[in-house]
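> Dumping the structure here so I can ask a few things about it.
The values are calculated or read from the model by the stated rules, or taken from the named source; none is laboratory data. Just so we're clear, the structure is a prediction, and the values are computed from it rather than from any experiment. Neighbour counts run over all protein chains shown; Cβ positions are idealised from the backbone, glycine included. Remember, those area values only see protein heavy atoms, side chains included, never the ligands or the DNA or RNA. Shrake-Rupley method; radii C 1.70, N 1.55, O 1.52, S 1.80 Å.
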Amino acid sequence: MSSKSVCNTTWHCLIPVWQGGKEIVQQGLPHTQLAPMWQILLLGDGSPTRHLQLLTGEQTEIDLIDMSEVGMDSDGAPELIQLLPGPRVRRQVWLRTVSGQRLAYATSWWTANHVDEYLQNRSLPIWASLTSRRLELYREVQGIYYGKSTALETAFGQKGAFWGRHYLFWHQGQPLTLIYEVFSTYLRKYIGTDVTFMGDQLAHFQKTDKPYFVER
C-alpha cells in the first residue's frame, strides 16, 4: 500500500530528502549509509522512551503540546490512519530529559472514544501509559524518513536534517494508535554520527522534494 500525503501545518512533518517503506525497515540499511546504533533506535521495535532514558541516564518525560479533535480528517498523516476508526484525536508531545533537553518529537492519532481509556494520565509518555496497564502491544514500524523541518530545528536548538519514522501499535489484533516520531540530532552526543554517507553517496537513496509517505 502506498500513498502521497502533503504535510499538515498543524503538526511537524519532515520534508524528506529520502524515505523508505516497510521493506527497508525490515532489511535495514548498509552501515555505510546509516550507523548501526541509529538503526536500532529507528528500525527496532523497542520503546524509544526506554532507549532515550538509557542513553541519557535521565528519566524521559513529555511536554504535551497539543490534543486536538480532527474528526474524520486524514490530517496529513500517513495513509495508515485509515485503519483507525473515526472520529479521531491528534496528540503532539516533546520527549525530553528531566533537565529539559528535548530529544524527540511525536505526533499520535487515536480513535476519539478510546483515547481517554488508554491515556488516563496524559502527562506520561505513551509507552508508560500503556505498559502500566500490562497491555500486550506490538510496534510495527512502517516508514523511515531523513528530512528537514525549520520548526524542529528551532524547537530542538539543533540543525537538521533529522531522522523520523512512523509506526502502528497493535493490541489484540487491532490497530490502537498511529505514531510519527522525529529524533533530534542532539542524540549524536550519545550514539555518534548517524549519517555516514555524504555528497554523491546520497544518490544511492530515493530522493524526493515532496513530503509524502511510503508504506507497505
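> Pick out the one residue from ARG139, ARG134 that is modelled with pLDDT under 95, surrounded by fewer than 20 Cβ atoms within 10 Å (Cβ to Cβ) and on the phi > 0 side of the Ramachandran plot. Don't jump to the end; show me each part of the working.
On the way: ARG139 fails: on the phi > 0 side of the Ramachandran plot.
One residue alone meets the criteria, ARG134.
> Which of the residues that make up the range 155-177 are closer than 16 Å to HIS114 by Cα, touching a residue at least 60 places away in the same chain (Cβ under 8 Å), open to solvent by less than 10 Å² (accessible area, probe 1.4 Å) and in contact with a Leu (Cβ under 6 Å, 6 or more places away or on another chain)?
Of everything in the range 155-177, just one residue is closer than 16 Å to HIS114 by Cα, touching a residue at least 60 places away in the same chain (Cβ under 8 Å), open to solvent by less than 10 Å² (accessible area, probe 1.4 Å) and in contact with a Leu (Cβ under 6 Å, 6 or more places away or on another chain), namely LEU168.
> Now for a separate question. Check ALA203, ALA151 and return the single one that is open to solvent by 20 Å² or more (accessible area, probe 1.4 Å), out of contact with any Cys (no Cβ under 6 Å at 6 or more places or on another chain) and modelled with pLDDT of 90 or more. Show your work before the answer.
On the way: ALA203 fails: modelled with pLDDT of 90 or more.
Result of the check over ALA203, ALA151: ALA151.
> Checking THR107 against (1) within 23 Å of TRP170 (Cβ to Cβ); (2) out of contact with any Cys (no Cβ under 9 Å at 6 or more places or on another chain), which single condition isn't satisfied?
Against the list (1) within 23 Å of TRP170 (Cβ to Cβ); (2) out of contact with any Cys (no Cβ under 9 Å at 6 or more places or on another chain), THR107 comes up short only on (2).
> Just wondering, is there one or more residues in the range 64-71 that are under 19 Å from TRP163 (Cα atoms) and either out of contact with any Phe, Trp or Tyr (no Cβ under 8 Å at 6 or more places or on another chain) or at pLDDT below 90 (or both)? I'd like the intermediate steps shown before the answer.
Kept after step one, since they are under 19 Å from TRP163 (Cα atoms), are these residues of the range 64-71: none.
Checked the range 64-71: no residue is under 19 Å from TRP163 (Cα atoms) and either out of contact with any Phe, Trp or Tyr (no Cβ under 8 Å at 6 or more places or on another chain) or at pLDDT below 90 (or both).
> Now for a separate question. If a residue must be modelled with pLDDT of 90 or more and open to solvent by less than 10 Å² (accessible area, probe 1.4 Å), how many such residues does the range 186-200 contain?
Residues that pass the stated criteria total 1.
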